[in-house]
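Working notes, beginning with the structure itself.
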Amino acid sequence: MKKALVDHFSADFKKNPEELATYLDLALESANLGIWDWYLDDNSVKFDRRWAKMIGLDHNKIKMELETWQSRVHPQDIEQCYADIKAYMDGKIDYYENVHRIKHTNGHWVHILDRGRFSGWDENGKPIRFTGIRCDITNIEQNLKKNLLLFNQTELGFAFCDMNGNLLDANNAFEKITGYTIEEIKKLSYWDITPRKYKADESVQLESLKKNGSYGPYRKEYVNKDGRLVPVELRGFIVEDYDGVTGIWSTIRDLSETRDLESQLNRKSKLASIGVLSAGLAHEINNPLAIIKGYFEKLRVDYSGDEKFQEVGGKIDCAIERIAKIVASLRNFSHDDQSGVKSFNIFRVISEVSDEARILYETEVLLELDIDSEESFLIKGVDGKIHQAFLNILDNAKAATAGKDSRKVSIRTKIDQDDLSIWIRDNGHGISEENLIKVFDPFFSTKDVNEGIGIGLYITHNLIVEFGGVISVSSKLGEWSEFKVELKRTGFTENSSDPINDRSPKIDISSSGGKVILVDDEPDIADLLTAMLGKMGLDVEYYPCGETALNAFTADQGKYDLIVSDLRMPKMTGLELFGHVRKLDPERETRFIAITGGVHLESKQIADIDGVLYKPFDYKDFVEMTNRVLGEKVGVKKGS
């Protein structure tokens, strides 16, 4: 049938050659093909009108010579053109084919697909005529360039493997993920970069591929060239003909940063949970600690003439203070305390911390100071926080020198206009490079499990940052470690921003006494506070919860001068009680003191509270705050 059709057209064209020319012209026009005819004996060339049109030339004006083509070929392409022509002429390939760029008359480059064969020979069989076609493939090349750019510049990895797992192609991102070059990748099997532990999972994905023609999303790990495991997420599908090969195209997303982020979020979540736990622990510890401290103070008064008791009492006091500081650290860890913000001289704090450190070090560690205590460098914040930060560093320095001869810690400072640098150095065992970058991580510690949980320096770092400062560490293993703290001057005068609770005058008051509501769900603490308030000449009504206290206050609002309330209580908290009281008493005729053993409160929570005491507190602190809060409102008999 096919031969009969050809014979039919051939017979027609022989009868009418013009019809053959018409058919040929229509075919070339519809295919957008240009023709060239190169006569090898004299290098003359015939170009048809479509050839000329492709590059904007006037067919009637162009010179029919090889130079017309050669002069317009891109300089980077001409060498390959002639190399492909020679390969055909030498018989190495069946026909000449080349893609090159030719400059259009308007200045842009046209991508041309050239194909040709010999079409004439002399009597000796030597080729004398070379005929070919050209096709404008600019759009195809531009789209291919865009696709290649996307393929190689995207951060998403691409890889193709045959059904046996041999890797045949990949992009730049896949190189980066695996650490291998494209040439190396093409010599690898899929299993060369996949840990064997994923064999069962791979079987599941393969079944999905067979059933659905695709697989994923699927998370696993690749073995990088350097041996480390890289977390990745894969998706893929079957390609039935990729350069003649049936295989699997896969996209690969590097999850390293995602995993790091997830790890950070998990850590933050854990820290938040630990923060809640810390707040609860602080409250639960401080309540019995306040009872111990209160009754012990009472005993010290009762046995004031017993020297042995007073000597032992001093040690008990130190132990109570140590517990109180530990709990204060828990409060700092669990919440951001902004109460008591003011400007203060950092050198005063350094001096106080140094005095405490000497007690802490006893005779085991020598503390050397190179500071100017007469200098004044003001920063703004809660001075207790920076105090805690420095004490943590000094405590860490003591531990770092354990086992060393002539243990020594030094503190050195330097002021440069509005910048202050503080160096704390020990002559301890030093820190390895591996551990140096982890020093400020939460729960990182090189100490034995019974000696520390690794939150001290983490808290210190956060406290320094809270002051707008920077803390860094350097070390030489086996010889020393040094912490450097950098702070900026605030420019305020000292005490320019007074603590939030110092709104009333601090004075001693006397005379007729006053009426107080005391609210606490701990009966032992309530007994202590009742005794303290009674000694001050105040009449106390005790209520174990906020609801009953509110009922009493509502029944007779003008009766009470002061409410002293614990904050953390069931049913109704102290803050909720305070809110109800202020609505009933907007003029603040009844004053309010909050007592808490839990976390520090934010400024906005206590903006209108008259005073806050954190458990455990001293008797004198409670008396002073009560005097200050009541001011001249009531008189109190000075008791013994």
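Kindly flag which residue pairs out of 63/126; 398/615; 63/103 have an alpha-carbon separation exceeding 23 Å in this structure. Flagged as over cut-off: 63/126; 398/615.
Note on residue 296 and residue 369: their simple-model spin labels are 2.7 nm apart, each label 7 Å out from Cα toward Cβ.
Neighbour counting of Cβ atoms within 10 Å sorts the residues 81, 318, fewest neighbours leading, into 318, 81. Geometric descriptor of the stretch 32-143, per residue, is 107 Å³ (volume of the convex hull of the Cα atoms). If R0 equals 60 Å, the separation of the Cβ atoms of residue 53 and residue 256 corresponds to a calculated FRET efficiency of about 0.65. Each of 198, 543, 95 has some number of other Cβ atoms within 10 Å of its Cβ, and from fewest to most they run 95, 198, 543. Our estimate of slack between residue 438 and residue 556, defined as 0.36 nm per intervening residue step minus the Cα-Cα distance, is 36.5 nm.
Computed from the alpha carbon atoms alone, the convex hull of the stretch 342-488 holds 108 Å³ per residue. Charge dipole (Cα centre; +1 on Lys/Arg Cβ, -1 on Asp/Glu Cβ; no other charges) of the stretch 342-488 amounts to roughly 180 debye. Residues 39, 96 in ascending order of nearby Cβ atoms (within 10 Å, fewest first): 39, 96. With each label modelled as a point 7 angstrom along the Cα→C-beta vector, the residue 307-residue 416 pair spans 5.6 nm. Tell me, what is the FRET efficiency for residue 43 and residue 138 to the nearest 0.05, using R0 = 22 angstrom and their Cβ-Cβ distance as r? That gives a FRET efficiency of 0.20. Any chance you could tell me what percent of the C-alpha pair distances in the stretch 70-214 go past 27 Å? Considering the stretch 70-214, 52 percent of its Cα-Cα pairs are separated by more than 27 Å. Which net charge results when you count Lys and Arg as +1 and Asp and Glu as -1 among the other residues whose beta-carbon is under 14 Å from that of residue 405? Residues near residue 405 contribute 0 overall. Which FRET efficiency, nearest 0.05, do residue 80 and residue 235 yield, Cβ-Cβ r, R0 35 Å? Once rounded, the FRET efficiency stands at 0.40.
Note on residue 588 and residue 93: the model spin-label points, each 7 Å out from Cα along the C-beta direction, lie 9.2 nm apart.
Legend: residue pairs 186/225; 404/484; 315/404, Cα-Cα distance threshold 19 Å; pairs beyond threshold, 404/484; 315/404.
Values quoted throughout were computed directly from the atomic coordinates according to the rules given, and no laboratory measurement underlies them. As the structure is a prediction and not an experimental result, all values here were calculated from the model. We place every Cβ from the backbone using ideal geometry, glycine too, and count neighbours over all the protein chains shown.
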